[in-house]
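Colleague: Have a look at the structure that comes next, please.
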Amino acid sequence: MTRINRRILLASRPEGAVTPASFKLEQAPLDALAEGQFRVRNLYLSIDPYMRGRMNDAKSYAAPLALGEVMIGETAGDVVESKHRDFAVGDKVTGMFGWQDYGTSDGAGVRKIDDTRVPMTAYLGVAGMPGATAWYGLNKIIAPRPGQTVVVSAASGAVGSVVGQLAKLAGCRAVGIAGGEQKCRYVVDELGFDACVDYKAGNLHQDLKNATPDGVDGCFENVGGEALDATLSRMNPFGRIAVCGMIAGYDGQPVPIKQPSIILTMRLLVQGFIVTEHLDLWPEALGTLAALVLEKKLRYRDSVVDGLEHAPEALIGLLQGKNFGKQLVKIA
Ligand code: NDP
């Protein structure tokens, strides 16, 4: 049986904000499998902020996508054909199969998942790469002690929501920064943070001051710009800043730090990190996170768009903060 594969390519590099013009949907028949290969029908596609960076032709920690290349992305799905001895039809997997209906693989980088107790979508979020990102930055860089205060920006999102919940489990005061009253209410009422500051309310510095009466010991930075400035001004001596993302600047906007001298005067540790450079720690991180999901100690929320053809809108929305929780596209 010849399968037809729909796929979304990078058609042009965006100047500033991403628009639908950067993407092209096409379809083509799939080649037969070679020995040692298997085929995955993608059910869910994860939409992540890093995709914006790969659309630029710029120096970064990873090579840019080429024009005409299938958009990069992690998916979760079912093995539907196999000529590989370790992957059987019916296996559930995650892998970097991109924005398309089907992925073909020799097994490199593919993870088998058990969706009987933890839902498949969680392996792309709380018990997947975003969860591992939260786990790494919090435990290996911020390393908070009980009673300390941790602030995280983009707090209702895939990474931020896990950071605050892990900080609470570690005995810390967890404070989020998020856009809008609804997201802030969710962060406090459903995720259990101690406080959440709505940066869109227009009083970020004073509101963050009120929410952090003992100052800030750990900053998990996802946004940059005003969020980072506000948190920097609350840092305690010897505080740690895990620089995870700078989403406020991904469309090319400048994200200057207004008072870098605080790094000196407060003797801060500032450490950027890329979670895929720490794959040796993923089994520990993902095992811990999946167990916490099962025990209902870690809550999460998915934001699902239906249909591969809507993946561009999902990415555009994510970069505008329209997602509420982990952004996914349901492909099949
Ligand atoms: P989220 O689910 O948090 O979604 C992104 C959120 O960022 C939006 O919902 C919005 O929340 C906020 N946002 C978007 N645009 C802006 C803007 N211009 N200014 C301020 N806030 C904005 O995404 P993830 O959890 O997947 O990613 C969070 C961060 O972590 C990103 O910076 C990402 O690049 C980074 N990351 C880094 C990794 C690493 O290895 N270093 C790995 C994975 C993620 P709101 O409405 O609250 O503003």
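Colleague: Can you list the strands (runs of 3 or more DSSP E) found entirely within the range 15-83 that contain at least 3 residues being closer than 25 Å to D115 by Cβ?
Modeller: On the way: elements: 23-29, 38-46, 75-82.
Those strands (runs of 3 or more DSSP E) span 38-46, 75-82.
Colleague: Still on this structure: Anything in the range 164-188 that is near the ligand (Cβ under 8 Å from one of its atoms) and small (G, A, S)? List them, or say none.
Modeller: Once the filter is applied, which keeps residues that are near the ligand (Cβ under 8 Å from one of its atoms) and small (G, A, S), the range 164-188 yields A178, G179, G180.
Colleague: Then there is this: (1) of a type outside the set (F, W, Y); (2) surrounded by fewer than 18 Cβ atoms within 10 Å (Cβ to Cβ); (3) part of a helix (DSSP H, G or I): which one isn't true of T133, the others all being true?
Modeller: Among (1) of a type outside the set (F, W, Y); (2) surrounded by fewer than 18 Cβ atoms within 10 Å (Cβ to Cβ); (3) part of a helix (DSSP H, G or I), T133 violates only (2).
Colleague: For D217, all conditions in the list (1) in contact with a Pro (Cβ under 7 Å, 6 or more places away or on another chain); (2) more than 15 Å from N139 (Cα to Cα); (3) more than 13 Å from the ligand (Cβ to nearest atom) hold save one; what is the number of the exception?
Modeller: Just one mismatch for D217, condition (2).
Colleague: Condition first: closer than 18 Å to P146 by Cβ, in contact (Cβ under 8 Å) with a residue 24 or more places away in the chain and either surrounded by fewer than 22 Cβ atoms within 10 Å (Cβ to Cβ) or over 22 Å from the mean Cα position of the chain (by Cα) (or both). Now tell me which residues in the range 196-247 satisfy that.
Modeller: T212, D214, G215, V216, D217, N236, F238, G239 - these are the residues of the range 196-247 that are closer than 18 Å to P146 by Cβ, in contact (Cβ under 8 Å) with a residue 24 or more places away in the chain and either surrounded by fewer than 22 Cβ atoms within 10 Å (Cβ to Cβ) or over 22 Å from the mean Cα position of the chain (by Cα) (or both).
Colleague: Also, I was wondering about something else. Are there helices (runs of 4 or more DSSP H) fully within the range 139-230 with at least 2 residues that are farther than 22 Å from D251 by Cβ and among the hydrophobic types (A, V, I, L, M, F, W, C)? List them.
Modeller: Qualifying helices (runs of 4 or more DSSP H): 158-169, 204-211.
Colleague: Taking M266 as the residue in question, decide whether it is in contact with a helix residue (DSSP H, G or I) (Cβ under 7 Å, 6 or more places away or on another chain) and more than 14 Å from the ligand (Cβ to nearest atom).
Modeller: No.
Colleague: Mind checking whether some residue in the range 152-163 is touching a residue at least 12 places away in the same chain (Cβ under 8 Å), more than 10 Å from the ligand (Cβ to nearest atom) and either surrounded by fewer than 16 Cβ atoms within 10 Å (Cβ to Cβ) or over 30 Å from D57 (Cα atoms) (or both)? Quick ask: steps written out before the conclusion?
Modeller: At the first step, the residues of the range 152-163 found to be touching a residue at least 12 places away in the same chain (Cβ under 8 Å) are 152-163.
After this cut, where a residue has to be more than 10 Å from the ligand (Cβ to nearest atom) as well, the list is none.
Among the residues of the range 152-163, not one is touching a residue at least 12 places away in the same chain (Cβ under 8 Å), more than 10 Å from the ligand (Cβ to nearest atom) and either surrounded by fewer than 16 Cβ atoms within 10 Å (Cβ to Cβ) or over 30 Å from D57 (Cα atoms) (or both), which makes the answer no.
Colleague: Sticking with this structure for a sec: Kindly list, by first and then second residue, each pair from a residue in the range 25-51 that is of a type in the set (F, W, Y) to a residue that is away from the ligand (no atom under 16 Å from the Cβ) and in a loop (DSSP other than H, G, I, E, B), limited to pairs with Cβ atoms under 8 Å and residues at least 6 apart or on different chains.
Modeller: From residues that are of a type in the set (F, W, Y), the pairs are F38/K83; F38/G107; Y44/I331.
Colleague: Residues being of a type in the set (G, A, S) and closer than 15 Å to L264 by Cα: count how many of those fall in the range 217-233. If you could, list the steps in order and put the result at the bottom.
Modeller: So in the range 217-233, the residues of a type in the set (G, A, S) come out as 218, 224-225, 227, 230, 233.
Checking which are closer than 15 Å to L264 by Cα leaves us with 233.
Adding up the residues that qualify gives 1.
Residues are listed down the side, and each one gets a yes or a no for (1) out of contact with any Gly (no Cβ under 8 Å at 6 or more places or on another chain); (2) surrounded by fewer than 21 Cβ atoms within 10 Å (Cβ to Cβ); (3) within 13 Å of G98 (Cα to Cα):
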residue	(1), (2), (3)
Q37	yes, yes, no
L43	no, yes, yes
I47	no, no, yes
M55	yes, no, no
K59	yes, yes, no
A62	no, yes, no
L67	yes, yes, no
E74	no, no, yes
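Quick note: the coordinates plus some simple rules give every number you see, no bench work behind them. It should be emphasised that the depicted structure is a prediction, and the values quoted were computed from it without experimental measurement. All Cβ positions, glycine included, derive from the backbone under ideal geometry; neighbour counts span all protein chains shown.
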